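K.L.:
Attaching a single structure in structure tokens format; questions to follow.
Computed from the coordinates by the stated procedures, all read-outs in this text should not be read as laboratory data. Given the structure is predicted, the values throughout are model-derived calculations rather than measurements.
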Amino acid sequence: MQSFLLAVDRFSTWIGKTFAWCAVLLTLLISWEVFSRYVLNRPHAWVLDAQIMLYGAMFMTAGAYTLSKNGHVRGDVLYGFFRPRTQAIFDLTLYIVFFLPGIVALTWAGWIYAGESLAIREQTFSADPLPLYPFKYVIPLAGFTLLVQGFAEIVRCIQCIQTGAWPLREEDVEEVDVGKLKEMVNVKDADIEALDAVVIAKEGTR
């Protein structure tokens, strides 16, 4: 199972790094357009649309990559004080209640949206139109990769609830140094265990 989880991480990382080259293309495209516009006096109407599509593709495909690195923003001020098992309970609940319905809807609607765009060979509204339907297929692609990574994270939550420790990742991202934060607010591990017990007790009464 651990090898499967790491394989999903590598897949999400590969997708993210592949589309990260859009940043290089954006830099080259914008530099060339500035030179063409102000030096050669030859602006191009299609460049703005291309910039938006490149940035959108890079932004959307970064979701699964960031999730695979555990890099999405969360309320670490409170979350970081909980034991791993309590963290996993919170994460699993949020994945089931919010993540899965939202991402499934995004993937399904994005596929229909892109298909309709392809059917009419949709183009951008500019003097020099670009085909828009290839870009719209990035929406279901981003949703699918995020969904696959989300299932891997759900498995990690279940394993953590069972074992009391988070499964290893290839590369962890820690936004907050929890140890230093504990020292700053004078919180001891015994206090954290007591807080965990209260949270688990409340969860059990629901």
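K.L.:
Would you pull out the residues with amide H under 5 Å of Q123's amide H, same chain only if 5 or more places away, H placed 1.01 Å from N?
P.N.:
Sorted by chain and number, the residues that satisfy this are L132.
K.L.:
Express in whole angstrom the spacing between the alpha-carbon centres of the stretch 72-105 and the stretch 28-58.
P.N.:
40
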